[in-house]
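The values are calculated or read from the model by the stated rules, or taken from the named source; none is laboratory data. Fair warning: this is a prediction, and the values are worked out from it, not measured in the lab. Cβ: placed from backbone, ideal geometry, glycine included. Neighbour counts: every protein chain shown.
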Amino acid sequence: MNAFDYRAPRSLDEALAILQEYGDEAKAIAGGTALVTMLRQRLLRPACLVSLREVPGCDRVEATNGAVRLGALVTHRDAELAPLLRERLPVLAETFRRVGTIRIRHMGTVGGALAHADPNQDPPVTLLALGARVEIRQSGGRRELPLAELFRGYYETALEPGEVITAVSVPLLPPASGASFIKFLPRTVDDYATVAVAATVTLESDGERCREARIGLGSVGMTPLRSPSAEAQLAGQRLDESLLRAAGDAARADVDPLSDHRGSAAYKREMTAVMVVRALTQAWEAARRAVRGVR
Amino acid sequence: MAHRIVGQPIGRLDGIEKVSGATRYSADVTLPGLVWGKVLRSPLPHARIIRIDTAMARALPGVLAVLTARDLPDVLVGRRMFDMPVLARDRVRFIGEKVAVAAALDPDIADEALALIDVEYEDLPAVVDAAAAIEDGAPLVHENPGAYEGAPPERPHPNVQSVLRFALGDVEAGFREADRIFEHTFRTQLAHHGYLEPHAGVVAIDHDGRVQVWASNKMPFRLKELLAHALQLPKGQIRVNLTPIGGDFGGKGSLMDLPLAYHLARVTGRPVKMVMSYAEELMAGNPRHPSIITVRTGVTNDGRIVARRVRALFNAGAYAAFKPAPSVNLGGAGMGAGVYRIPHLAIESLCVYTHSIPCGHARSPGEPQMVFAGESHMDMIAKELGLDPAEFRRRNLLADGDRLANGHHLEHGRAKETLEAALKASDWSREKPGPWIGRGVAMTHRHIGVGFTNAHVRLESKGTVALVIGLPDTGTGAHLVLRQIVAEVLDLSLDEVQVELATTDTFETDSGVGGSRVTHTGGRAAYHAAEKLKEQIRAEAEKVGTPGASFATIAQAAARDGRTLEASYFYDARAHAAVTSFTAQVAEVAVDPQTGQVTVRRFTTAHDVGTIINPLGHQGQIEGGLIQGLGFALSEELGTEDGRISTLSLGDFKLPTVADIPPLTTVLLEDLVGPGPFRAKAIGEGSISAVAPAIANAVADACGVRILDLPITAEKVYFALREKPA
Amino acid sequence: MIRLTVNGTSHDVEVPSYRTLLDCLRYDLGLTGSKEGCGVGVCGACTVLLDGKMISSCIALAAFADGREVTTIEGLAEDERLHPVQQAFIDFGGFQCGICTPGQVVAAKALLDTNPNPSEAEIREWMLGNLCRCTGYYKIVESIRAAAQARP
Amino acid sequence: MTFTQECLIPVARERLWDFLMDVPAVGRCVPGVERIEAVDASAYRGGLRIGVGPIRLALEGTITVEEADREAWRARMRAEANDRRLGGGIRARLSLTLVPAEVGTRVRIDTDLAVLGRIGEFGQPVIRKKADTLLEEFARNLRSALAVHPLEPPTPEHR
């Protein structure tokens, strides 16, 4: 690693001020799992690291109206274990549980992972399917973005120099909904996903037709993705196996995977179809259980 | 015969240091004034070095020295064939070859210095594919390899490092006897050993010019010789201090960065530590040779093998320097014969130069490659003959008196018993529990290692015994085994025997750790030394005249007239015994037809063993080797693109985790016929080689697709299933 | 300058900004029990507890530990008495070369601290971040099970 | 890694060729090129700044025109550049072929690219994608430099 100026401000405003002062030359750091690794590989040489670790107030999991709000400094492990999340959005808690290893989950933070924008990560997949929004702050300013608009490219986000993510808020699922997350790991259990899929299915009150289905995809493009083509197959339809298969096939069109050691682009495209069907099937079953009032 | 201590499942007595973090490995050695060395590596597979400018690097604060080949003596290094420069002189031959080295106050500064070194290269045409490398007109990796010290004479093509042959009978005549002939070609991947301790070493030069070395090296005495050669110093000036090794698996027998550490120490006047990063390990360690293996077998209609020809092409990379065998090849090539009676056999193994990472020895060198090919081939033939794979094997298994590829006539062979034991324990003949589930069997056998070891035992005044040994601990628990042997012979308790680590000053020589040899050679040396001491003690006891006098009394009696009771033994076994150890393994797998994912549901491993000196360590060897075999079968592959390794971290090169291991059944068939102490055999390399073919055969049984190249990824199975005629 | 408490002892250390927690422990404080294997947070040889939670010290900056409590392998034994996990790793063959062992033992201790009686599945899930190349893991799982039973 | 890209520039082949042979002018159309000056008749030195994800590359190097065959409408050039701070660089052999199209000229670029050292460790597939976006921008800039309006979007293809 190169020598850099390390700052650990005790308030968010102070942190934002330093970030603004250094602009492009500064990097915000929280858990550091991704950033320190890239620093050690000497891929990054920032003049200043602004640690958010001592910034108070960003590490809460709280219920807001109709949503759960995760502070940016909540670790993956905290999110995985948070009673509120397990109760209101179990699919998201489960997603965090599937990230890397417990050590990494103890370090990596919710906000840091989103800012890192690695398309192979798990949480963005489920957060996309759940329609999460990110809260962004900069010195003297704040804005909010749908998560989908945060991701701009491979490891690239819409964050401007001086901006940090302070929280992500995740709407609760409507009644008669089910959700699922599938991480396809053909090599070893500690690997990144070859394909990751999160699905939500919301049924009409009749419990038959699908009002809305949302699908998030990971490891199959330059960013985490939604699958509009697959979702369009399902909205307003009576679900059955063939329709779910059609949705899986449609999802192929929305992905543009990179070939890597977890699979060729062609294989990942095929597995997208398979995993979308599996994820939808689970979400659909959960939704039907919800309709029947079974927990 | 019954033993007191031999045969007991005793926990590691060196354990307290290891479980409390007190054990000092090479990377943990710290000395006053110690500085760090880091290496700059070639980004190109083949290029001429036009110019190296180190001025900016040397000017960086905290940097003590920057060296290039110009600053070093013009010597080539190696373990057997000396073809590799310490730093690239005029040419680089693989991506990752060392071109310069920097010493600095901390590793980050040294790293920073490397980025400031300016190297101008002229690209040269490269060949990274083994088959392409031995075509006419292929770019030459070395101008005249035959001229290198230790180069084998035979060289059909200038890009051939070495040729190794095994032959029995008349293979052409044999094929004429065959009713049917089958030929298949298999490929295995480039794979790192996966030890979690990257190569590390510390070199310090004493005031008197004595060179002190601490290194993750399993052959300290050979290391001393090789260093003397590389540094052009008299052997006596070098002292290698034994340090515990954080995993070897065949990979820790070379000089690696030690000559550089020495030269930096020489120039800076400071002790120098060099520790490879894991990325460096994966880019420039000395991994297992990838292979292309063609097996051609002639059989009679009743399923008897009459002839076999095997041609193995190993991509050995840019240098032969990491291979220690006199053949500069892989002894495992002999396993092309498998565990079968093959009257007419011809095996040819070529190690080929390419502009890629130089390969070395890895646990049972060459065997996992050959056994994957041979045992997959056996199942493919059985299928064609309409025979149960186990039955086809039964009809051809080696029996006593049959000739092995190495010319020996097998003795005490228990191939059949081992196979039957594995079949029984794995419910081979039972119906499979469901669809898309399959079972596969594979076998291998391995000689008991040979070599030479010194042992010295000394009776201490308090009546205990010190065992002085020059074998470092690579993790197998060998030192405990040796203590058990000495305690057994001298009728002492384990606590009454201490292991005292030698340095390379203590003994003249020692073949070190490797090749499933330690329990045999170290054990026999310790055994005979202890026997000699026992005799002295008996004689001394008679002199003292008090029958049943304690060892302490005896030691003190001897001490009174200035004598110490001690004995040395040099055990030297050069030729392999005609006894080997058979292994039979059965994998039961499930294949997901939608994804091709292979799940090993259960695994059975059966071994024909000698006296087991420490059952805990023995089982540990079986389990560790087996899971390495599992990784080799399913997930471990160093990806390459134009000679560049693309899996540069353990995040991409995937070793199995604790959550990836299958339920395991082990069957041990003891037969007290080994050449080792108390008739022990060897186990260290017995469990790794048959795992991949057992799984490949199980996959074929489960879903009808035959994977011919390792690793068996879900993707390969998926696409094979799709192409398979319904 | 950072101030960190390691195994109960407070240290003030002057370290460059880029110093990892692992290097700080190993080279500034001389606690070489924690090892560097992969260097990217995958293998677990550098596992330590930061305020009681296990982390990868090779990808943590030393500055992260400023004002905090670090527990390393050297801090497990209590007045010369081995921690039950340490004893079990010896008695049940839970290590061979020992390079991953400090990380394995610290991780296993952290497991039993949070879950005194883990099922085999829970052991596997917790430990899957600690690679071992020697044992094939079977005896590590056995050791942890035994340690759980041995604890009062 | 080798890959082929194509884009359509709606001007006559002759005019496009003459423009493309003016390396500094073309250089100004390559996104991220800072300066580019002639070293001799066929070699040029310059600097390129590009970002791959969070990584900012500052490449310094040379471009050499190895062949410019106006009969065959084919040019071959070699680019070599290094990033001193990161330690790494790129080596590229490019072959440009101009093929007349219904409207204007189709530029076919065959690239043999090697990404060296630490930069290469970050992920080769990404760099391939990066090359696409570079070409898209390049084509856009080329059109505006030639003062024509895009008739169709560039269509990167991989073989």
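Total residues in the range A:236-295 satisfying the condition of being of a type in the set (A, V, I, L, M, F, W, C), within 14 Å of another protein chain (Cβ to nearest Cβ), out of contact with any strand residue (DSSP E or B) (no Cβ under 7 Å at 6 or more places or on another chain) and surrounded by 19 or more Cβ atoms within 10 Å (Cβ to Cβ): the figure is 5.
Considering the range C:10-25, the residues that are in a helix (DSSP H, G or I) and aliphatic (A, V, I, L, M) include one that is farthest from C:Glu69 (Cα to Cα), namely C:Leu22.
A quick yes/no check of all residues on (1) away from chain C (no Cβ under 14 Å); (2) crowded, with 20+ Cβ neighbours inside 10 Å; (3) not small (Gly, Ala, Ser):
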| site | (1), (2), (3) |
| --- | --- |
| B:Asp572 | yes, no, yes |
| B:Ala578 | yes, no, no |
| B:Val591 | yes, yes, yes |
| B:Gly596 | yes, yes, no |
| B:Ala606 | yes, yes, no |
| B:Gln621 | no, yes, yes |
| B:Leu669 | yes, no, yes |
| B:Phe678 | yes, yes, yes |
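Of all residues in the range A:174-193, one or more are within 14 Å of chain D (Cβ to nearest Cβ) and surrounded by 21 or more Cβ atoms within 10 Å (Cβ to Cβ). The sole residue among B:His408, B:His447, B:His412 that is at pLDDT below 95, farther than 25 Å from B:Ser349 by Cβ and not β-branched (Val, Ile, Thr) is B:His412. Number of residues in the range C:16-38 that are more than 22 Å from B:Glu17 (Cβ to Cβ), of a type outside the set (Lys, Arg) and touching a Leu at 6+ places or on another chain (Cβ under 9 Å): the value is 6. Quick check on my filter: what residues within the range A:59-114 are part of a helix (DSSP H, G or I), crowded, with 24+ Cβ neighbours inside 10 Å and of a type in the set (Gly, Ala, Ser)? A:Ala79, A:Gly111, A:Gly112, A:Ala113, listed by residue number. One residue alone among B:Gly643, B:Gly625 is crowded, with 19+ Cβ neighbours inside 10 Å and within 11 Å of chain C (Cβ to nearest Cβ), and that residue is B:Gly625. Applying the criterion of at least 2 residues that are outside the structural domain of B:Val213 (by TED's automatic domain parsing) to the strands (runs of 3 or more DSSP E) found wholly in the range B:1-114 leaves an empty list. Based on this model, can you work out whether B:His377 counts as surrounded by 24 or more Cβ atoms within 10 Å (Cβ to Cβ), more than 30 Å from B:Pro125 (Cα to Cα) and modelled with pLDDT of 95 or more? Yes; evaluated as a whole, the condition is true for this residue.
Selection of the range C:39-52 for residues being within 11 Å of chain B (Cβ to nearest Cβ) and without any contact (Cβ under 8 Å) to a residue 24 or more places away in the chain yields C:Gly39, C:Val40, C:Gly41.
The helices (runs of 4 or more DSSP H) found entirely in the range C:53-152 that carry 1 or more residues being within 30 Å of A:Ala8 (Cβ to Cβ) are C:101-114. Residues that are under 30 Å from B:Gly269 (Cβ atoms) and either within 14 Å of chain D (Cβ to nearest Cβ) or out of contact with any Leu (no Cβ under 9 Å at 6 or more places or on another chain) (or both) are absent from the range B:129-143.
Across the range A:1-44, the qualifying residues are those that are within 18 Å of A:Gly108 (Cβ to Cβ) and of a type in the set (Val, Ile, Thr), and the one among them that is farthest from the other protein chains (Cβ to nearest Cβ) is A:Ile29.
Within the range C:110-131, the set of residues being in contact (Cβ under 8 Å) with a residue 12 or more places away in the chain and out of contact with any Gly (no Cβ under 8 Å at 6 or more places or on another chain) comprises C:Leu111, C:Leu112, C:Pro116, C:Asn117, C:Pro118, C:Glu120, C:Ile123, C:Arg124, C:Trp126, C:Met127. From C:Ile73, C:Ile55, which residue is crowded, with 24+ Cβ neighbours inside 10 Å, free of Cβ contacts under 8 Å to residues at least 60 places away in the same chain and either facing chain B (nearest Cβ under 7 Å) or out of contact with any His (no Cβ under 7 Å at 6 or more places or on another chain) (or both)? Step by step, each of C:Ile73, C:Ile55 is checked, and only C:Ile73 is crowded, with 24+ Cβ neighbours inside 10 Å, free of Cβ contacts under 8 Å to residues at least 60 places away in the same chain and either facing chain B (nearest Cβ under 7 Å) or out of contact with any His (no Cβ under 7 Å at 6 or more places or on another chain) (or both). Would you tally the residues in the range D:39-64 being farther than 30 Å from A:Pro161 by Cα, surrounded by fewer than 19 Cβ atoms within 10 Å (Cβ to Cβ) and at pLDDT 90 or above? Final tally of qualifying residues: 6.
Only strands (runs of 3 or more DSSP E) whose full extent lies in the range B:261-360 are considered here, and none of them has at least 3 residues that are at positive phi. Of everything in the range B:226-255 that's surrounded by 23 or more Cβ atoms within 10 Å (Cβ to Cβ), part of a loop (DSSP other than H, G, I, E, B) and not small (Gly, Ala, Ser), which residue is farthest from the other protein chains (Cβ to nearest Cβ)? Taking the candidates together, the pick is B:Leu255. Scanning the range B:542-582 for residues that are without any contact (Cβ under 8 Å) to a residue 12 or more places away in the chain and not polar (S, T, N, Q) yields B:Glu542, B:Gly545, B:Pro547, B:Gly548, B:Ala549, B:Arg560, B:Asp561, B:Gly562, B:Arg563. Scanning the range B:409-461 for residues that are within 30 Å of B:Gln498 (Cβ to Cβ) and part of a loop (DSSP other than H, G, I, E, B) yields B:Ile448, B:Gly449, B:Val450, B:Glu460, B:Ser461. Of everything listed in (1) away from chain D (no Cβ under 13 Å); (2) in contact with a strand residue (DSSP E or B) (Cβ under 6 Å, 6 or more places away or on another chain); (3) farther than 22 Å from B:Val352 by Cβ; (4) surrounded by 22 or more Cβ atoms within 10 Å (Cβ to Cβ), the single unmet condition for B:Ala100 is (1). Screening the range B:564-663 for strands (runs of 3 or more DSSP E) wholly inside it with 3 or more residues that are touching a Lys or Arg at 6+ places or on another chain (Cβ under 6 Å) returns the ranges B:566-573, B:580-591.
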